[in-house]
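Asker: My structure is below; once you've seen it, I'll send some questions.
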Amino acid sequence: MKQDYNDEDILKHARESFSETIELKIKQLRKYIKKGGNPALTGDYIESLVRGFIKKWIGHRLILHGSFYSSEFENSNENPLQIDGIIYDPTIGPTIHQEEDFILVHPLFCTGIIEIKTSENNIKSFENRLKKIYDLYFRHYMFLTSQIMGVIITDSDPEKKSKLSENGIKHLYNYKFGGWCPIFILFKEKAEEYEPFYPAIDAMIRSIYKNNKSYHNYLD
C-alpha cells in the first residue's frame with residue numbers, strides 16, 4: 001500500500017507524547033510532593049521536563065547559560081546579558097570559555113536562544129528581553145528573529161495570553177512572522193492541573209526544528 005502523508009498531521013503523535021509524558025511524570029511526583037505542598041517546586045520540575053524534551057529536539061547542539069562575546073561587542077560599551085538557553089553548536093566553532101553548563105562564546109557559533117520560564121506575568125517585558133538579545137548580539141549575523149524564542153511553561157489562560165494584535169501578528173507563537181521573536185505558552189494551569197495548549201506546543205516543535213540552524217561556515 002502506497003503511503004501518502006500529504007494530508008497527515010505529522011506532529012500529532014509527538015505533541016501527544018510530549019503532553020502525556022508531562023502528565024504521567026507529574027502523577028509520579030505527586031507520590032512525594034502532594035498537590036499544594038509546594039507549587040514552586042512542582043513548577044521547577046515541569047520546567048526540567050520540558051527542558052529535557054528540548055535537549056532531545058535540538059540534536060547534537062547544547063542548551064547552556066552564560067553570555068556572548070565578540071570584538072564588535074567589546075567596542076560597544078554595552079554590559080553583557082546573562083542568558084539562559086543559549087543553543088551552542090560545537091560543530092560550528094569553539095567556545096571562548098566553558099565550565100560545565102556555563103559558556104562564553106561568539107554568537108556566530110550558536111544557532112539561537114530558547115529562554116524557558118515556569119511562568120511569566122509580564123509578557124511584554126519577556127518579549128522586550130528577547131528583542132534586546134537579538135539586537136545586541138544577532139542582528140548583524142544573518143540571524144532570523146525567530147531563532148530567538150521564549151517558552152513559558154504554564155499560565156492561567158494561555159489561549160487568551162497568546163492572542164496579539166501588534167504589527168500584523170495575531171499570536172505570540174507565530175514563528176514565521178519576520179521581525180518577531182516567538183513565545184510559546186504550553187500549559188493551562190488550574191489548581192496545579194496542567195492542560196496542554198496544543199497550538200503553542202505544535203508551533204514550538206516546528207520552530208525548534210525549522211529555525212535552529214546555521215546557514216554558514218564562518219571558519220572558511
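Asker: Mind listing whichever residues of the stretch 167-220 are surrounded by fewer than 20 Cβ atoms within 10 Å (Cβ to Cβ), among the hydrophobic types (A, V, I, L, M, F, W, C) and part of a strand (DSSP E or B)?
Answerer: 169
Asker: Quick one: which residue in 198, 209, 218 is under 24 Å from residue 17 (Cβ atoms) and more than 15 Å from the chain's Cα centre (by Cα)?
Answerer: After ruling out the rest, the residue left standing is 198.
Asker: Further question: Confirm whether residue 87 is surrounded by 13 or more Cβ atoms within 10 Å (Cβ to Cβ), in contact with a strand residue (DSSP E or B) (Cβ under 8 Å, 6 or more places away or on another chain), among the hydrophobic types (A, V, I, L, M, F, W, C) and over 25 Å from residue 219 (Cβ atoms).
Answerer: no
Asker: Test residue 8 against the stated conditions and say whether it is of a type in the set (Asp, Glu) and surrounded by 16 or more Cβ atoms within 10 Å (Cβ to Cβ).
Answerer: Considered against the rule, which asks whether it is of a type in the set (Asp, Glu) and surrounded by 16 or more Cβ atoms within 10 Å (Cβ to Cβ), residue 8 comes out as no.
Asker: Any residue in the stretch 86-98 that is among the small types (Gly, Ala, Ser) sitting within a Cβ distance under 7 Å of a residue that is surrounded by fewer than 18 Cβ atoms within 10 Å (Cβ to Cβ) and at pLDDT below 95? List the pairs, counting only those 6 or more apart or interchain.
Answerer: Note: pairs meeting the criteria are 93/218; 93/219.
Asker: Cβ contacts < 8 Å: first residue over 20 Å from residue 203 (Cβ atoms) and among the charged types (D, E, K, R), restricted to the stretch 1-18; second residue outside any loop (DSSP other than H, G, I, E, B) and at pLDDT 95 or above, any location; separation 6+ or different chain. Result?
Answerer: As it stands, the answer is none, since no pair meets every condition given.
Asker: While we're here: Going by the conditions given, is residue 97 in contact with a Leu (Cβ under 7 Å, 6 or more places away or on another chain) and not hydrophobic (A, V, I, L, M, F, W, C)? Write out each step before concluding.
Answerer: Details: in contact with a Leu (Cβ under 7 Å, 6 or more places away or on another chain): yes; not hydrophobic (A, V, I, L, M, F, W, C): yes.
So residue 97 passes the test.
Asker: Name every residue in the stretch 99-125 that is on the phi < 0 side of the Ramachandran plot and free of Cβ contacts under 8 Å to residues at least 12 places away in the same chain, in order of residue number.
Answerer: 99, 121, 122, 124, 125
Asker: Can you tell me which residue is farthest from the chain's Cα centre (by Cα) among those in the stretch 19-40 that are surrounded by 10 or more Cβ atoms within 10 Å (Cβ to Cβ) and touching a residue at least 60 places away in the same chain (Cβ under 8 Å)?
Answerer: Selected residue: 35.
Asker: Keeping to the stretch 41-65, report how many residues are assigned to a helix (DSSP H, G or I) and free of Cβ contacts under 8 Å to residues at least 12 places away in the same chain.
Answerer: Counting residues in the stretch 41-65 that are assigned to a helix (DSSP H, G or I) and free of Cβ contacts under 8 Å to residues at least 12 places away in the same chain gives 5.
The values are calculated or read from the model by the stated rules, or taken from the named source; none is laboratory data. Keep in mind the model is a prediction, meaning the values are calculated, not measured. Using ideal geometry, Cβ is built from the backbone for each residue, glycine included, and neighbour counts are taken over all protein chains shown.
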